[in-house]
Amino acid sequence: MIDLNEIKPKVKGESDKYSWNLYRFLNKLFKDKDEGKYIKNQLEIHWLTYSRWDGKYLEFDPDNLNRGMNQVLILPFGLEHGRSFYDLNTIMGKGRAELFHVPWRKDQLTNITDWFFSTYQKDGRCIFDRNHNKWWQGEANRFTYINNTRRCNWCGEWHKKEIHKEVKIERKVRWVK
Ligand SMILES: [Zn+2]
């Protein structure tokens, strides 16, 4: 399923293209003892279409994962599967492995396990920030700048610099007779 060495940050405790918190979480809880660094059939990753914020329907959109990292659930097998989950937001943001128990309906889940692992391995944390405008830990080394372009060192995307001029209108009150 996935080789943990492929998503391991280079420096211990520091996120780069890959999240240290996510690596640590997977390594600690799911590493297959017999298979070394591989995770195989021990968990599934699902997108919850029922918004945990306001209950609205949220379709899975691979280019827009940043809309709801807490809609991304990690379901461990063997732990009353179907009622317990970890959420990616808590794992990556807070570095905690907190197990939640919330009832949901099976039809509110979209299995994204294969998509998630292959895309995360390829693009790293950019899958949560396709617009490249979020601040992440380890962001300082995210881009290589060449003249008016930059290249994302994580997902390989190129961006061109554009200068936008903004003209502001000021209103001043004057009393006249
Ligand atoms: Zn990128």
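Given the conditions (1) farther than 25 Å from F30 by Cβ; (2) in contact (Cβ under 8 Å) with a residue 60 or more places away in the chain; (3) over 11 Å from the mean Cα position of the chain (by Cα), report the number of the one that E139 does not fulfil.
(2)
In contact with a His (Cβ under 6 Å, 6 or more places away or on another chain) and either within 16 Å of the ligand (Cβ to nearest atom) or of a type outside the set (A, V, I, L, M, F, W, C) (or both): which single residue out of N111, N148, N153 fits that description? Lay out the reasoning, then the answer.
Values: N148 fails: in contact with a His (Cβ under 6 Å, 6 or more places away or on another chain); N153 fails: in contact with a His (Cβ under 6 Å, 6 or more places away or on another chain).
Going through N111, N148, N153 in turn, just one is in contact with a His (Cβ under 6 Å, 6 or more places away or on another chain) and either within 16 Å of the ligand (Cβ to nearest atom) or of a type outside the set (A, V, I, L, M, F, W, C) (or both): N111.
Give K168, K106, K160, K177 a once-over and let me know the one that is of a type in the set (D, E, K, R), within 16 Å of the ligand (Cβ to nearest atom) and exposed (fewer than 12 other Cβ atoms within 10 Å of the Cβ). Show your work before the answer.
Working: K168 fails: within 16 Å of the ligand (Cβ to nearest atom); K106 fails: within 16 Å of the ligand (Cβ to nearest atom); K177 fails: within 16 Å of the ligand (Cβ to nearest atom).
Answer to the selection: K160.
Would you mind stating whether N133 is within 16 Å of the ligand (Cβ to nearest atom) and touching a residue at least 60 places away in the same chain (Cβ under 8 Å)? I'd like the intermediate steps shown before the answer.
Working: within 16 Å of the ligand (Cβ to nearest atom): yes; touching a residue at least 60 places away in the same chain (Cβ under 8 Å): no.
Criteria not met by N133.
Could you grab the pairs with beta carbons closer than 8 Å, sequence gap of 6+ or different chains, first residue in segment 161-177 and modelled with pLDDT of 90 or more, second one in a loop (DSSP other than H, G, I, E, B)?
Sorted first by the residue in segment 161-177, then by its partner, the pairs are K161/N148.
What pairs can you find where one residue is in segment 97-124 and over 17 Å from L58 (Cα atoms) and in a strand (DSSP E or B), the other is away from the ligand (no atom under 16 Å from the Cβ) and modelled with pLDDT under 95, and their Cβ atoms are less than 6 Å apart, with a gap of 6+ or different chains?
Correct list of pairs: F100/F85; H101/R83; H101/S84.
Does L73 count as under 18 Å from F30 (Cα atoms) and either surrounded by fewer than 16 Cβ atoms within 10 Å (Cβ to Cβ) or in contact with a strand residue (DSSP E or B) (Cβ under 7 Å, 6 or more places away or on another chain) (or both)?
Working: under 18 Å from F30 (Cα atoms): yes; either surrounded by fewer than 16 Cβ atoms within 10 Å (Cβ to Cβ) or in contact with a strand residue (DSSP E or B) (Cβ under 7 Å, 6 or more places away or on another chain) (or both): yes.
So L73 fits the description; yes.
Look at S19 and say whether it is in contact (Cβ under 8 Å) with a residue 60 or more places away in the chain and in contact with a Pro (Cβ under 6 Å, 6 or more places away or on another chain). First the steps, then the outcome.
Values: in contact (Cβ under 8 Å) with a residue 60 or more places away in the chain: yes; in contact with a Pro (Cβ under 6 Å, 6 or more places away or on another chain): no.
Here the answer is no, as S19 does not meet what is asked.
The values are calculated or read from the model by the stated rules, or taken from the named source; none is laboratory data. The shown structure was predicted, so the numbers you read here are calculated from the model rather than taken from an experiment. Neighbour counts run over all protein chains shown; Cβ positions are idealised from the backbone, glycine included.
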